[in-house]
Amino acid sequence: MQNRYFTTPIYYVNDKPHIGHAYTSLSVDILKRYFSCLGQNSFFLTGTDEHGQKVEKAASDASIDPQKFTDSVSQNFREMSGLLNLSNDDFIRTTEERHKVSVQALWKILEDNDDIYLSKYSGWYSVRDEAFVADNEIEEREGKKYNSFGSELSWVEEESYFFRLSKWQDALIEFYDNNPDFIVPKSRSNEVRKFVESGLKDLSVSRTTFNWGIKVPSNNDHIVYVWLDALTNYISALDFPNTNSDNYQKYWPGIHVVGKDIIRFHAVFWPAFLMAAKLEPPKQIVAHGWWTNEGQKISKSTGNVIDPIELIESYGLDEVRYFLFREVPFGNDGDFSREAIKNRINGELANNFGNLIQRVLSFIVKNLEHNIELTDNNKNFKTFLDIMDLEETLNSHILDYRFDEYLKEIFLFLNNLNNYVDKQAPWALKKTDPDMMKEVLSNICICIIRLTQYLHPIMPQKTIKILELFNLDESFKSFSKIEEILDMKSLKINQPEPLFQKIE
Ligand code: ME8
């Protein structure tokens with residue numbers, strides 16, 4: 001069986017988690033849960049990036065020792081994982097010993113392979129992005145220098161080890177050619193390729209002017225550049241340097257889900273480091289778009305950071321999950337607006353999905369003493385057969401990270417089912433044709449259960465509640481369990497409560 005490995009970026013601990021971090025983590029949670037519903041195994045890693053100049057500065061601004069500072073902020077990210085109901089298998093911190101060992105081992109391999117040499121760096125650096133910036137990428141405003149993300153640059157001049165990135169230019173192009181799906185979406189792939197083709201310069205991979213990092217094993221005056229340190233987390237968590245370990249063997253190479261801001265680090269530097277170390281490059285880099293808040297860039301200085309805790313308290317976790325992945329195609333930028341989330345919750349979750357369940361199950365409770373007989377006709381009911389067939393389409397949407405299309409397909413069927421209820425009018429059939437009424441209700445229930453299974457990866461809590469309304473326990477979230485349900489003679493229905501609160 002195929003084992004998949006999905007990662008989120010490890011987040012900087014200079015700040016509190018916000019909606020952008022939640023978005024990436026939730027996307028990987030959806031993937032993990034989806035494959036689990038299919039009965040397939042995957043490993044989900046997230047964590048925190050705790051070294052570097054930016055974190056050291058944040059700690060010093062707060063007058064706290066960097067280790068204490070990172071302990072406390074990393075905890076916020078761990079708590080966010082709980083709050084978002086993430087199904088991660090591991091949470092890695094770059095200040096852990098297992099990671100330090102792994103980074104130093106990778107460094108030694110690169111040095112032994114003559115891919116690292118000592119020289120001097122002088123140039124511009126963005127502390128916010130922890131990135132060296134080439135001259136042709138610098139923008140100048142009012143006498144200050146910025147990179148293309150608008151981060152202010154500072155001048156750095158120090159002895160530094162360099163990684164021979166230029167040596168890997170052709171190998172990278174060949175790798176992209178041989179793996180056309182390495183970078184998704186395609187538009188990002190072209191952008192990365194252009195960057196590599198324009199000529200790669202060797203990359204500075206150590207710093208000497210501050211201390212907060214992992215020491216270069218052969219020269220303790222240097223600390224490892226925070227991106228070489230951070231990227232290595234993806235294999236530290238699989239027990240690197242022990243490449244014979246179960247986890248490494250089972251899960252590497254992995255799929256890295258990231259925001260478009262850090263694609264270059266993942267699609268250029270990281271595969272080059274791995275190739276130089278004679279390790280397999282990652283399987284895929286999936287870059288999603290950027291969220292703005294009511295049309296504005298989200299930033300601490302504008303004060304418009306969206307706090308996931310506040311959002312979940314206002315709208316509910318599964319409602320937020322639904323909104324984020326229905327509203328915007330994964331690779332595109334998206335705007336968060338209160339009006340948009342309200343419309344999705346009221347129109348699609350409350351009026352369409354919630355209302356269907358509420359009216360059908362209440363009717364069964366009231367008129368059939370909580371009991372619905374499952375007729376054999378389900379197996380021939382056209383809509384049900386179409387919904388069963390949907391599995392293949394949905395699978396292709398997930399494999400291509402089209403979460404919005406995945407949800408669209410399901411909600412089309414929910415709409416159809418609402419129309420079917422209106423047309424068949426079980427409340428009228430009750431008097432004229434009770435057998436037909438039972439058949440109609442049985443058809444609807446079985447369709448709701450199937451669609452609920454499909455929706456589980458996106459809305460794990462609500463869907464478990466829905467299964468419980470049918471007296472089906474959590475194990476029935478597995479797609480293959482539908483066969484078992486079809487073999488049941490009847491289902492006992494519990495009195496439903498409205499599932500989604502309308503937003504005024
Ligand atoms: O870059 N919209 O960490 P980071 C969408 N430590 N996604 C957003 C977002 C927004 N407005 N803001 C943040 C780092 N993100 C490094 C990563 S990995 C080896 C090291 C998400 O805390 C998105 O996934 O700045 C982005 O790539 C990530 O947070 C950046 O997190």
**Report entry** Under-5 Å amide H pairs with residue 48, H placed in peptide plane, nonlocal only
**Finding:** 11, 92, 93, 94
Query raised in the report: Among rounded, prolate and oblate, which fits region 410-469 when a ≥ b ≥ c are the square roots of the eigenvalues of its C-alpha gyration tensor, a/c under 1.5 means rounded, and a/b larger than b/c means prolate?
Result: prolate
Query - Spin-label model distance (nm) - residue 60 vs residue 167, 7 Å beyond Cα toward Cβ - result: 3.4
Report task. Please check which bits of region 56-76 a label hung off residue 128 would reach, taking the label as a point 7 Å along Cα-to-C-beta and the cut-off as backbone N under 20 Å. Result -> 56-62
Query raised in the report: What length, rounded to one decimal in nm, is gained on full extension from residue 494 through to residue 198, with 0.36 nm per residue of separation minus their alpha-carbon distance?
Result: 100.2 nm
Report task. Rounded to the nearest 500, what is the 222 nm mean residue ellipticity of the chain from helices alone, with -39500 (n - 2.57) per DSSP H run of 4+ residues and division by all residues? Result -> -14000 deg cm²/dmol
Report task. Provide the gained length on full extension for the span residue 187 to residue 474, in nm with one decimal, where the gain is 0.36 nm per separating residue minus the Cα-Cα distance. Result -> 99.4 nm
**Report entry** Restraint check, 145/201; 32/462; 260/342, Cα-Cα greater than 23 Å
**Finding:** 260/342
Report task. Evaluate the distance, in nm, between pseudo-label points positioned 7 Å from the Cα of residue 483 and of residue 309 along their respective Cα→Cβ axes. Result -> 4.7
Query raised in the report: Using a cut-off of 20 Å between alpha-carbon atoms, which aspartates and glutamates can reach residue 108, once sequence neighbours fewer than 8 places away in the same chain are excluded?
Result: 96, 97, 159, 202, 221, 229, 239, 280
Query raised in the report: Which net charge results for the neighbourhood of residue 16, defined as the other residues with beta-carbon distances under 12 angstrom from its beta-carbon, given Lys and Arg at +1 and Asp and Glu at -1?
Result: -3
Query - Surface accessible to a 1.4 Å probe, per residue, for the residues of the chain, Å² - result: 42
Report summary line: With no solvent term and unit scatterers on the alpha-carbon positions of the chain, Debye gives log₁₀ I(q)/I(0) at q = 0.06, 0.10 Å⁻¹ of -0.34, -0.82
Query raised in the report: Nearest 0.05, what FRET efficiency do residue 142 and residue 338 give at R0 = 45 Å with Cβ-Cβ as r?
Result: 0.85
Report summary line: In the neighbourhood of residue 304 defined by beta carbon distances under 11 Å, the net charge of the other residues (Lys, Arg +1; Asp, Glu -1) is 0
**Report entry** Degrees, to the nearest 10: 403-424 long Cα axis against longest axis of the chain
**Finding:** 10
Report summary line: Amide H proximity to residue 216 below 5 Å, modelled H, separation 5+ or other chain, gives 222, 223, 224
Query - Charge sum, other residues only, whose C-beta stays under 14 Å from residue 413's C-beta, Lys/Arg counted +1 and Asp/Glu -1 - result: -3
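The values are calculated or read from the model by the stated rules, or taken from the named source; none is laboratory data. These numbers come from a predicted model, not from an experiment. Reconstructed Cβ throughout: ideal geometry from the backbone, glycine too, with neighbour counts over all protein chains shown. The area values use the complete protein model at the heavy-atom level, side chains included, leaving out ligands, DNA and RNA. Shrake-Rupley method; radii C 1.70, N 1.55, O 1.52, S 1.80 Å.
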